[in-house]
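Only one structure is covered here, and it is reproduced in the block below.
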Amino acid sequence: MKLEIAVLSGDGIGPEVTAQAVKALEAIAHSFDHTFTFKDALVGAIAIDKTGNPLPEETLQLCADTDAVLFGAIGDPKYDNDPSAPVRPEQGLLRLRKELGLYANIRPVKAYDTLLEKSPLKRNIIEGTDISIYRELTGGIYFGKKQLNEAGTVASDLCEYSKEEIERITRLAFKAAQKRRNKLTLVDKANVLESSRLWRKVVTEISKEYPDVDLDFLFVDNAAMQMILNPSQFDVILTENMFGDIISDEASVIGGSIGLLASASVGDTCCMFEPIHGSYPQATGKGIANPIAAILSAAMLLEHFDLLEESQAIKNAVEKALELNLTTPDLNSINPLTTEKVGDFIYDYILNPEDSNINF
Ligand code: IPM
Ligand code: MN
């Protein structure tokens, strides 16, 4: 298969981890005889520094023209404590999601058997956890009307959803549940929010098309508690934009490191793959960032194009690295590998699973 991939590595550790994801895809292209072409473009703080715009038109055009986008991370502390900054790196990511119509963000959360002791949660609680979070990505409070009164003393953000916006991601989530353990949990705040009540109504209606899937509902505050009390109860979680943002960071604790969590953002015509972690500025350039989330995002890219064996080859290499403890300091404080060395191992393992660990 021929794929043209836009690479938006962004800020902080973005370039370091994305380089490892590209390397893993190069190994796959080589082993399975595909042609992947990579095209770099600017996004985030680095794009502001160079062009004044967190999402230059050129970048947007490239993303729209290519088959897929591989995204690193964005954010720079110089913007975080300056609420009056005229442009912010995050705007680049949000606009990209909106312009490309990436309405469904899929975030798998898994407790790897080899890492059960690394999680701050007890082994018996997290064992067997395997969740797929479907987070709505182009609506809700993130994109609703924002207002600040003239005196700068009253501010508001509108949380708005239409039936159509809810329907399209709901269908994807039900289809995913059918391929998994046939359970879907809608996380909302329907006891308080009108928008949540619309979610319940629409999701309940659509559930009739998927009679083999069990649907249940949880208020987001209870869901946050259940996530760390009994995470293996969940199969597919469906939720709106901001609840999904929060719940997925919480869920990342289960696996032992946020550096393991990948994501896919899909729409009707475009797709983008990115680790869920941020730009981790304190780690930039130190070679300590975990590249596995970025590498697993590349595996999700392959899966999206139905290259299932190829995607599995990346996952096998990652699982081998975890099993042999060939990991970065977030998971291995005694004898850690650098970001690049973890990427090298995964690259070698994809090319030659038989004897790739000789040098490590
Ligand atoms: C994420 C991030 C983004 C979000 C930020 C960087 C805008 O936290 O992808 O989860 O809130 O969606
Ligand atoms: Mn987030």
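The values are calculated or read from the model by the stated rules, or taken from the named source; none is laboratory data. Values in this document were obtained by computation on a predicted structure and should not be read as measured data. Note: ideal-geometry Cβ built from the backbone for every residue, glycine included; neighbour counts use all protein chains shown.
Taken over the stretch 292-316, the criterion of being over 11 Å from Ala262 (Cβ atoms) and under 15 Å from the mean Cα position of the chain (by Cα) is satisfied by Leu302, His304. Beta carbons closer than 7 Å, at least 6 apart along the sequence or on distinct chains, pair a first residue in the stretch 228-256 that is touching a residue at least 60 places away in the same chain (Cβ under 8 Å) and part of a loop (DSSP other than H, G, I, E, B) with a second that is among the basic types (Lys, Arg) and away from ligand 1 (no atom under 16 Å from the Cβ) for Asp235/Arg180; Asp235/Arg181; Asp235/Lys183; Gly255/Lys110; Gly256/Lys118.
The strands (runs of 3 or more DSSP E) found entirely in the stretch 96-153 that carry 1 or more residues being assigned by TED's automatic domain parsing to the domain that holds Pro231 and under 25 Å from Ile254 (Cβ atoms) are 104-110, 130-136.
The criterion of being among the basic types (Lys, Arg) and in a helix (DSSP H, G or I) does not hold for Arg181.
Per this entry, Ala283 is not counted among residues that are buried (at least 24 other Cβ atoms within 10 Å of the Cβ) and away from ligand 1 (no atom under 16 Å from the Cβ). Applying a threshold of 6 Å to beta carbon distances and a minimum spacing of six or more residues, or different chains, the list of pairs starting in the stretch 183-199 at a residue that is of a type in the set (Phe, Trp, Tyr) and ending at one that is crowded, with 18+ Cβ neighbours inside 10 Å and modelled with pLDDT under 95 is empty.
Reported count of residues in the stretch 32-63, each being touching a residue at least 60 places away in the same chain (Cβ under 8 Å), farther than 26 Å from Thr328 by Cα and surrounded by 15 or more Cβ atoms within 10 Å (Cβ to Cβ), is 2.
If you check Ala104, Ala68 for being in contact (Cβ under 8 Å) with a residue 40 or more places away in the chain and in contact with a His (Cβ under 9 Å, 6 or more places away or on another chain), only one passes: Ala68.
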